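A.B. asks: Dropping a structure here in structure tokens format, bear with me for questions.
The values are calculated or read from the model by the stated rules, or taken from the named source; none is laboratory data. Since we're looking at a predicted model, the values are computed, not measured. Glycine gets a Cβ as well: all are built from the backbone with ideal geometry, and neighbour counts include every protein chain shown. Side chains included, ligands, DNA and RNA excluded: accessible areas come from the protein's heavy atoms. Shrake-Rupley method; radii C 1.70, N 1.55, O 1.52, S 1.80 Å.
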Amino acid sequence: MNIPELPENPHDAAPSPHPPAGAARPRWRKSSHSVGEGQCVEVAAWDGLVRLRESDDPAAVLGTAPAVWAAFVRGVKAGRYDA
């Protein structure tokens, strides 16, 4: 069986979501919808990516491309993810 080679995944070589030691730190912002009960999502733009973290677990950071984040925000505002 001849399996075609998949294109390289650009996310495999993505930069770390954590800044290296001594680097400028991201400036985190909380959603205006956060109520302060441990369910806060924070966002920061840093090193060409949008970073996301949960305020009660700040070491767990996800990074995504700005275009992906913008598409997600547009979907939220349009009600695409409403239950």
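A.B. asks: So how many residues does segment 11-49 have that are at pLDDT 70 or above, surrounded by 12 or more Cβ atoms within 10 Å (Cβ to Cβ) and over 19 Å from Val73 (Cα atoms)?
C.D. replies: Qualifying residue count for the region: 2.
A.B. asks: Would you be able to say whether some residue in segment 58-81 is touching an Asp or Glu at 6+ places or on another chain (Cβ under 9 Å), under 17 Å from Arg25 (Cβ atoms) and in a loop (DSSP other than H, G, I, E, B)?
C.D. replies: Within segment 58-81 (the criterion being touching an Asp or Glu at 6+ places or on another chain (Cβ under 9 Å), under 17 Å from Arg25 (Cβ atoms) and in a loop (DSSP other than H, G, I, E, B)), the answer is no, since none of the residues qualifies.
A.B. asks: With the structure loaded, tell me whether Glu54 is modelled with pLDDT under 80 and open to solvent by 70 Å² or more (accessible area, probe 1.4 Å) or whether it fails that test.
C.D. replies: For Glu54, the condition - modelled with pLDDT under 80 and open to solvent by 70 Å² or more (accessible area, probe 1.4 Å) - is not met.
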